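One structure below.
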Amino acid sequence: MVAPKSPADVADIVRLALAEDVGPGDVTADLIPASTVAQAEVICREQAVLCGQPWFDEVFSQLSKDVDVRWNYKDSDSIAPDAVVCHIGGPARAVLSGERTALNFLQNLSATATATRQYVEAVEDTDCKVLDTRKTIPGFRSAQKYAVACGGATNHRMGLYDAILIKENHIAAAGSVTAAIEAARKQHAGLAVEIEVESGDELLEALTAGADRLLLDNFPLNDLRRAVTLTRETAPRTLLEASGGIELATVGQVAETGVDFVSVGAITKSVEAIDFSMQFLS
């Protein structure tokens, strides 16, 4: 699998992370003579999908242009337990100062990529695609979206500005499903309109109003099947996205109902960091 293009804000995110951790200077790394050169390797302690190289590299680039990182794998690669993912060489102070920040990026982004790959594999015998959501760490969305793509899933909208997704509170504020869709068509004619529905009646109203995609929230499997059948008969071009508490154990069954997408918040908000460690070589 080919890794996606790096987000444009990698350097900015790294700059903030280093400011948070290193601040005005690493007082512990200062104990090491400035002339000391270190060699180290990063080891992954468990099965994982690697992700985070652009941020890892940028950490050391911002600390010292003399740090050299050589990777044995690329982002999106599956790696086995105890794999040496990269070697690092350069000024010991810079390597020590960047260690934790670099590993933080690697462990968290690899966690999202790994979880995502599991969901993608669970639906691989269907035509359904796995989507991410906006349930991301504040300030870290572009990185997590990159990790989702490394895991083989498809990115949903980046934020509130690049796609219309009318949810239950929007419907309540607008007055009805139809009113919300009509307002979207009038104010943002060039954007596709997706709307969340929570019942068969709302689904029929959304189809009649001409929504481009329906978000089927917390529909039981039998209701999903009925929604798919009705939509294919009534408005076959309308896309269907299932959401709401979808877990790895159930995502395959949801996909088999015939929906086009499943959106999974867990791959960005409920993952456990992958265990990476850096070891200095004597």
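Just so it is clear, none of the values below were taken in a lab; they were calculated from the coordinates. Please read all numbers here as calculations on a predicted model, not as lab measurements. Backbone-built Cβ (ideal geometry, glycine too); neighbour counts: all protein chains shown.
Between R225 and D275, the C-beta separation translates, for a Förster distance of 35 Å, into a calculated FRET efficiency of about 0.30. Spin-label model, N218/D82: points 7 Å from Cα along the beta carbon direction are separated by 4.7 nm.
For every other residue with a beta carbon closer than 12 angstrom to the beta carbon of V120, add +1 if it is Lys or Arg and -1 if Asp or Glu, then tell me the sum. Present the calculation step by step, with values, prior to reporting the outcome.
Working: positive: R117, K129; negative: E121, E124, D125, D132.
Around V120, the charge tally is -2.
Values [x] 1.09; [y] 0.94; [z] 0.98 are given for comparison; Rg/Rh (Cα atoms, Kirkwood Rh), derived from the coordinates here, is the one labelled [x]. Calculate, for A235 and A19, the FRET efficiency according to 1/(1 + (r/R0)^6) with r their C-beta to C-beta distance and R0 51 Å; round to the nearest 0.05. So the FRET efficiency works out to roughly 0.50. For q = 0.09, 0.17, 0.20 Å⁻¹, what log10 I(q)/I(0) does the range 137-282 give under the Debye formula with an equal point scatterer on each alpha carbon and no solvent? Taking Cα atoms of the range 137-282 as identical point scatterers yields -0.34, -1.03, -1.31. When you count the other C-beta atoms within 10 angstrom of each residue and take the mean per peptide, 82-88, 256-262, 19-25 line up highest first as 256-262, 82-88, 19-25. Available extension along the chain between S199 and S176 is 7.0 nm, counting 0.36 nm per residue and deducting the alpha carbon span.
Here's how it looks for N72: its modeled amide H is under 5 Å from those of C86, H87, which are all 5 or more places away or on a different chain.
Between A11 and A183, the FRET efficiency from the beta-carbon distance, with R0 = 25 Å, is close to 0.05. Rounded to the nearest Hz, the phi-derived 3J(HN,Hα) couplings of the range 35-48 under the Karplus curve 6.51 cos²θ - 1.76 cosθ + 1.60 (θ = phi - 60°) are 7, 5, 10, 10, 10, 8, 9, 9, 10, 9, 8, 8, 4, 7, where x marks glycine and proline.
Hydrophobic, long helices, defined as DSSP H runs whose alpha-carbon span along the helix axis is 15 Å or greater and whose mean Kyte-Doolittle value is at least -0.5, occur in the chain at 10-21, 53-63, 92-122, 177-187. Between amide H atoms placed 1.01 Å from N, distances below 5 Å from I166 occur with E194, I195, E196, all of them 5 or more places distant or on a separate chain.
At 0.36 nm per residue, minus the direct Cα-Cα distance, what do E124 and A163 gain on full extension? Give it in nm, one decimal, please.
The E124-A163 span can extend by a further 11.4 nm.
Partner lysines whose Cα lies under 17 Å from the Cα of K269, excluding those fewer than 8 positions away in the same chain, are identified as K135, K145.
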